[in-house]
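For reference, the structure is listed below as structure tokens.
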Amino acid sequence: MIETTGLALGLRGLTKRYGAVTALEPTDLDIGAGEFLTLLGPSGSGKTTLLNLIAGYTDPSGGTIRIGDRDVTRTPARHRNIGMVFQSYALFPHMTVAQNLAYGLEARRVPKPEIARRVEAALALVQLEGYGTRGVQQMSGGQQQRVAVARALVIEPDVLLMDEPLGALDRQLRRQVQVELRRLHLKHGRTTIYVTHDQEEALVLSDRIAVMGKGRIQQLGTAAELYARPANSFIAGFIGESNLPEAKVTEVTGGMASAEVPALGLTVRAPVMPGVAPGAPARLMLRPEHLRILPDAGEGIEARIAEVIYLGELTQFGLETAGGAFLVARGMEGRGLRQGDIVRLGWSPEEVLLVPDTGP
Amino acid sequence: MNGRRIEVLALLAPALILTLVVFVLPLVRFLSLAFTAPEGTFATFVALAESPVYRRVMLNSFVVAAVVTAITAALAWPLAYLLARVRGLWFTLMIYGVLFPLWISILVRTYSWMLLLERHGPVNRAIQAMGISDTPLPLLFNHTGVLVGMVHVLLPYMVLPLYGAMRAIDPRLMQASDGLGAGLWQSFRRIWLPLTLPGLAGGATFVFLLSLGFYITPALLGGRTSIMLPTLIVAFITEHFNWPMAAAASIALLAAVAVLMLAATRFLKLDRGMFAR
């Protein structure tokens, strides 16, 4: 994680309603200077609404936005000093690459020689030296993406916003650009808010991830925190993969609970997340890599191997339990096993977790 | 390959033959009359060049066409802007408002303007009632009449290309401009306006060329004071039975249009960046 030297952005009770529909529930969020924060969520989760509110393209229904020590809630976008990278890049098609980059500096009345110098520096930063005189439409998709990033950075923004900037690239290129963006952030060190629906992107890039769903931040934390201790079943399924059989909690004592898991046909004792209580709907988080195929008979639960998928260094098993559940296990063991074999499954009690059920 | 070529030719043949027989051949025959004057092969062109009347009509035609183009551009620009922004019922109403005049005979529209603009017509009565002028203004059989009628008829040809260009502009470009710190005027001048120029160039070319060849509206509304080239060509035929002069004037008009078209395409190519999307 990058050293933060203070607060770059603070949201308090920020809300957006369209008539009777609430696009963003009252939201609080603090982002440290230099931090790379990702808003991760499916479409309709409120992440783009939140980004547009911060950028100033949408007026909030309530709450405040602070950038550093300025209250910018009522400040028009052009005075917020925010750099925005659009999903479609929104490069000016009738201008060259250098003219696109110079645009924001000219709007700030920066002297000409300095504009030339800063445009050159920004092009060097994204490794596009010598491309200044090209028309933006002569550039490839990946190059246009870099121009868009350079155009947002050249104005030295207080906050850099990126709205699914890799959405238009093919899969191969996306991997490469993710790593580039991460390196770039280490170089420029600007506070960045990144919107995506791709959890892999979020894990690769972010210092912290805010998982969004149903118009609110469901959980905020580092990738490792979200993975190990997801606040609910939605996040457990969204960050990484997980088996999530339903569980009936019977009692909770000191951070541990006992719960019946019908799909597994047994009662488990496992750590709990806040919100898990007797009678409240819950699910058991059982990560594929924590589900082990046991060598000895007599232990664990019985399951039939329904499918075997060879993944190179790992093997993935699809398993049917007697209770009718389908579980996924992944590991380096079990090389000799075949479809139809009956095996026994086990896990360490500290690796599983009971989480509140948020529904499908 | 050869089979395909025959197929293409067979598909094109009916239209090609029809065009050739009923359009190209008569046109060539008519235009060739320009070189058949008894005084010599190029006598007609010499006569045109030496005639002050013809020169005045030629100049008048270009001035009227240019003014019509400028007025339609000024009127169409805000209209196209609104069209590109509104949705639903308002859009339907507005687009039909633009297209509706195209469905009414040009003759009907022109005679309607004669009724409106005449000495004691509703327009003059309104002007007098509002106290703008004590006596009826001469609105008909002069430049004013021609301009009003032509602008009305040609407006859709300017609105539609402009609307097309404006619809094609990604609204995110304006957001990007805003976010980069540009004010409204700067965003308009540096992003919106340049991106609408292809539509403006297209519409202006349309309107200008159509204006040059306009016959009915100038003939009816222009009277004897605002004569355009087509009116003169018709006069050569119907009043003077001078087919060679009519053909020569037609060739001159055709040449002027061709030169302008070439210049226009050259201008469009120079700024290709604005057209690629």
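The values are calculated or read from the model by the stated rules, or taken from the named source; none is laboratory data. If you're wondering where the values come from, they're calculated on a predicted model, not measured in any experiment. Note that we place each Cβ from the backbone using ideal geometry, even for glycine, and neighbour counts take in every protein chain shown.
The table below gives the values:
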{"quantity": "Check on A:Glu351, of a type in the set (D, E, K, R) and surrounded by 15 or more Cβ atoms within 10 Å (Cβ to Cβ)", "calculated": "yes"}
{"quantity": "Residue within the stretch A:230-242 that is among the polar types (S, T, N, Q), in the same structural domain as A:Leu337 (by TED's automatic domain parsing) and under 25 Å from A:Glu333 (Cα atoms) present", "calculated": "no"}
{"quantity": "Selection within the stretch A:227-243 - surrounded by 20 or more Cβ atoms within 10 Å (Cβ to Cβ) and in contact with a Lys or Arg (Cβ under 9 Å, 6 or more places away or on another chain)", "calculated": "A:Asn232, A:Ser233, A:Phe234, A:Ala236, A:Ser242, A:Asn243"}
{"quantity": "Qualifying residues in the stretch A:81-104 (those that are in a loop (DSSP other than H, G, I, E, B), aliphatic (A, V, I, L, M) and more than 7 Å from chain B (Cβ to nearest Cβ)) - the one nearest to A:Val126 (Cα to Cα)", "calculated": "A:Leu91"}
{"quantity": "Helices (runs of 4 or more DSSP H) lying entirely in the stretch B:1-65 (those with 2 or more residues that are modelled with pLDDT of 90 or more and of a type in the set (Val, Ile, Thr))", "calculated": "B:2-19"}
{"quantity": "Test for A:Ala107: is it more than 25 Å from the chain's Cα centre (by Cα) and within 12 Å of chain B (Cβ to nearest Cβ)", "calculated": "yes"}
{"quantity": "Selection count where residues are among the small types (Gly, Ala, Ser), closer than 19 Å to B:Pro161 by Cβ and assigned to a loop (DSSP other than H, G, I, E, B), scope the stretch B:182-227", "calculated": "1"}
{"quantity": "The listed residue being over 21 Å from A:Glu350 (Cβ atoms) and assigned to a loop (DSSP other than H, G, I, E, B), out of A:Gly312, A:Gly275", "calculated": "A:Gly312"}
{"quantity": "From the options B:Thr92, B:Thr110, B:Thr135, B:Thr144, residue that is more than 27 Å from the chain's Cα centre (by Cα) and either under 23 Å from B:Ala219 (Cβ atoms) or free of Cβ contacts under 8 Å to residues at least 60 places away in the same chain (or both)", "calculated": "B:Thr135"}
{"quantity": "Scope the stretch A:35-80; condition polar (S, T, N, Q), in contact (Cβ under 8 Å) with a residue 60 or more places away in the chain and within 13 Å of another protein chain (Cβ to nearest Cβ); matching residues", "calculated": "A:Thr48"}
{"quantity": "Residue satisfying condition, being aliphatic (A, V, I, L, M), in contact with a Leu (Cβ under 9 Å, 6 or more places away or on another chain), closer than 30 Å to A:Pro165 by Cα and away from chain A (no Cβ under 12 Å), within set B:Met166, B:Met158", "calculated": "B:Met166"}
{"quantity": "Residues that are free of Cβ contacts under 8 Å to residues at least 40 places away in the same chain, surrounded by 10 or more Cβ atoms within 10 Å (Cβ to Cβ) and over 27 Å from the mean Cα position of the chain (by Cα), drawn from the stretch B:44-64", "calculated": "B:Val46"}
{"quantity": "Meets criteria (in contact with a strand residue (DSSP E or B) (Cβ under 9 Å, 6 or more places away or on another chain), assigned by TED's automatic domain parsing to the domain that holds A:Glu200 and either not in a helix (DSSP H, G or I) or not polar (S, T, N, Q) (or both)) for A:Leu37", "calculated": "yes"}
{"quantity": "Residue list for the stretch B:194-230, filter: over 24 Å from B:Ala74 (Cα atoms) and free of Cβ contacts under 8 Å to residues at least 24 places away in the same chain", "calculated": "B:Ala219, B:Pro230"}
